[in-house]
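The structure appears right after this line, and notes come after that.
The values are calculated or read from the model by the stated rules, or taken from the named source; none is laboratory data. Computed from a prediction, not measured in an experiment: that's the story for all the values here. FYI the Cβ positions are ideal-geometry reconstructions off the backbone, even for glycines, and counts take in every protein chain you see. Accessible surface is based on the protein model in full, side chains and every heavy atom, while ligands, DNA and RNA are left aside. Shrake-Rupley method; radii C 1.70, N 1.55, O 1.52, S 1.80 Å.
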Amino acid sequence: MKLIITPDAASATHVAAHLLADTIRQRPDAVLGLATGRTMEGVYAALADIHRAEALSFSGIASFNLDEYVGLPPSDPRSYRHYMQTHLFDHVDANERHIHVPNGVAADLKTECAAYEAAIRTHGGISLQLLGIGDTGHIGFNEPPSPFDTRTRVVELDAATRQQNAEMFGGDPEAVPSEAITMGVGTILDAKRLLMVATGPAKADIVAAALEGPITPDVSASAIRLHGDVVVVLDEASAGALSPETRALANAG
Ligand code: GLP
């Protein structure tokens, strides 16, 4: 695992955006695994800046998002498809036909999940998977417990997650959909490279649990330690509960 600790959130999201940009430069037809959440807003803003300032083209990439709420159509401003449009795709030259977000209003959700897995395979797998971390330790929406061989499926959201994500739903956790489609932990671990980003003091304890605690389905983010090519980018605040031993890994090589 490569660990990068930056002084503040802005520099963490900047570093993550540059890692994504490097992937696209090395492989203009890269298959990007994308994530949502407040942390990623900074990553996508920085990526859009790189697109403009350095003429980085997204025209050859394909993308697969981690998750989507069940019951929200892509046009719903609270859907992750809409989030991706406003935070990234409106600002870069990605080809709409190659953008994939699970369809939370599919008539048959089980078929939708299987088709999503098949589409990732057809594209040759994910080159780089961007990950945030939720309060429950989830990656994507892999709530505890999520076995490490899980694939794209419908999950029930944890009460803590509905609370964490209530802001977009008028502050009411009950208004947050109770289910979501998410790539499984196994789907995520199949990506060639993982890039986890966390910022802010509220993430410090769960980041430490994921990086130093037991590797367990109860903290799905801990699964990233089983992957051979992982970069974790933290700001000082989210790295605040790490042991000196883990911190010593930071910014080495
Ligand atoms: C949601 C997403 C996760 C993301 C998490 C963190 O729950 N499904 O993929 O990691 O939010 O969000 P934030 O960056 O807002 O803390």
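Some points to look at:
- A simple charge model with +1 on the Cβ of Lys and Arg, -1 on the Cβ of Asp and Glu and nothing else charged puts the dipole of the chain at about 680 debye relative to its Cα centre.
- For the chain, the 222 nm mean residue ellipticity estimated from helices alone, with every DSSP H stretch of n ≥ 4 adding -39500 (n - 2.57) and the total spread over all residues, rounds to -9000 deg cm²/dmol.
- Diffusion constant of the stretch 1-159 at 37 °C, which comes from Stokes-Einstein with the Kirkwood Cα-pair radius and 0.692 mPa s, µm²/s: 200
- All lysines inside 28 Å of Lys110 as judged from Cα atoms, apart from same-chain residues fewer than 8 positions distant: Lys192
- Solvent accessible area, Å² - His51, 1.4 Å probe, full protein context: 40
- Amide hydrogen neighbours beyond the local backbone of Leu3, cut-off 5 Å, H modeled: Val232, Asn251, Ala252
- Rounded accessible area of Thr23 (nearest 10 Å², 1.4 Å probe): 20
- The solvent-accessible area of Val43, taken with every protein chain present and a 1.4 Å probe, is close to 0 Å².
- Karplus 3J(HN,Hα) series, Hz, for the stretch 123-130 with 6.51 cos²θ - 1.76 cosθ + 1.60 (x for Gly, Pro): 7, x, x, 8, 6, 9, 10, 7
- The mean sequence separation of alpha-carbon pairs under 8 Å and at least six residues apart, normalised by the residue count of the chain, gives a relative contact order of 25 percent.
- Table column - 3J(HN,Hα) (Hz), the stretch 168-185, Karplus curve with 6.51, -1.76, 1.60, x for Gly and Pro: 6, 10, x, x, 9, x, 5, 7, 6, x, 7, 10, 8, 9, 9, 4, x, 5
- For the stretch 132-204: rounded, prolate or oblate by the Cα gyration tensor [a/c cutoff 1.5]: oblate
- Amide proton proximity set for Leu131, modelled H, under 5 Å, gap of 5+: Leu195, Met196, Val197
- Across the stretch 119-253, the relative contact order, built from alpha-carbon pairs under 8 Å that are at least six residues apart, equals 29 percent.
- Contact order for the stretch 116-173, expressed relative to its length and based on alpha carbon pairs under 8 Å spaced 6+ residues apart, stands at 26 percent.
- Sorting Ser75, Ser59, Ser243, Ser146 on solvent-accessible area from highest to lowest, probe radius 1.4 Å, gives Ser75, Ser59, Ser243, Ser146.
- Of interest is the spacing of the C-alpha centroids, which for the stretch 1-40 and the stretch 53-111 amounts to 17 Å.
- Estimated vicinal HN-Hα couplings, Hz - the stretch 51-57 in sequence order (Karplus 6.51, -1.76, 1.60; Gly, Pro = x): 4, 6, 6, 10, 6, 7, 8
- Rough spin-label spacing in nm, given labels placed 7 Å along Cα→Cβ, for Glu41 and Asp93: 2.8
- Once backbone amide H atoms are built at 1.01 Å from N, Asn65 has Leu34, His100, Val101 as its partners under 5 Å, excluding neighbours fewer than 5 places away on the same chain.
- Prolate/oblate/rounded call for the stretch 67-214, Cα gyration tensor, a/c under 1.5 rounded: rounded
- Largest first, the residues Asp149, Asp235 sort by 1.4 Å accessible area into Asp149, Asp235.
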